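Below is one structure, written out as structure tokens; comments come after it.
The values are calculated or read from the model by the stated rules, or taken from the named source; none is laboratory data. Quick caveat, the model's predicted, so the values are computed rather than measured. Methodologically, a virtual Cβ is constructed for each residue, glycine included, from the backbone with ideal geometry; neighbour enumeration extends over all protein chains shown. The protein model used for the area step is the full one, side chains on, heavy atoms only, and it has no ligands, DNA or RNA in it. Shrake-Rupley method; radii C 1.70, N 1.55, O 1.52, S 1.80 Å.
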Amino acid sequence: MNDETKDLTETLAFTLSVILSGNEAERRRIASAYQRGRQLIAGIPFDRGDARPRIIACSERFNTCDIAGEIASAGWMLAAIEERVAEKNLRGWRKLRKLVDETVRFLPSCQQTVH
């Protein structure tokens, strides 16, 4: 039986390891791809309340970058995971949401600022 929560957690852990092992320039490329993913997602409507078209769009860009060996693929994957978790219908989605938020904080231009 497929455990989507487990699969997403493992993918998120791998994505975080890519971010943490990257140098500053690589983390900026990942952050840029993540931000482009968020912009892409914002422009795609839900399909009867389902975010699947948004997730697929980011997954396709992830695949293109991954095949080309581009580290930016991690940003596209992070955007796809974040969108899937935002549907709030996964087992343990609240914990996953926290993990996604923590992962995003490691991206240089995505860090939250304290006012």
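A few notes on this one:
- Cα-based helix-to-principal-axis angle, 4-21 vs the chain, degrees rounded to 10: 10 degrees
- Options 18, 46, 30, ranked by Cα towards positive dipole end of region 1-53, top entry (Cβ charges): 30
- Phi to ³J(HN,Hα) by Karplus 6.51 cos²θ - 1.76 cosθ + 1.60 over region 70-79, Hz, x for Gly, Pro: 7, 5, 4, 4, 4, x, 5, 5, 4, 5
- Solvent-accessible area, 1.4 Å probe, carbon plus sulfur percent, for the chain: 53 percent
- Derived scalar couplings between HN and Hα for region 83-91 equal 5, 5, 5, 5, 5, 6, 10, 9, 4 Hz in order, rounded to whole Hz, by the Karplus curve 6.51 cos²θ - 1.76 cosθ + 1.60 (θ = phi - 60°), x for Gly and Pro.
- The dipole here belongs to region 1-94: it is taken about the Cα centre, uses +1 on the Cβ of Lys and Arg and -1 on the Cβ of Asp and Glu, and is about 320 debye.
- Of all the options 72, 42, 33, the one that moves most in a Gaussian network model of the chain with Cα springs shorter than 10 angstrom is 42.
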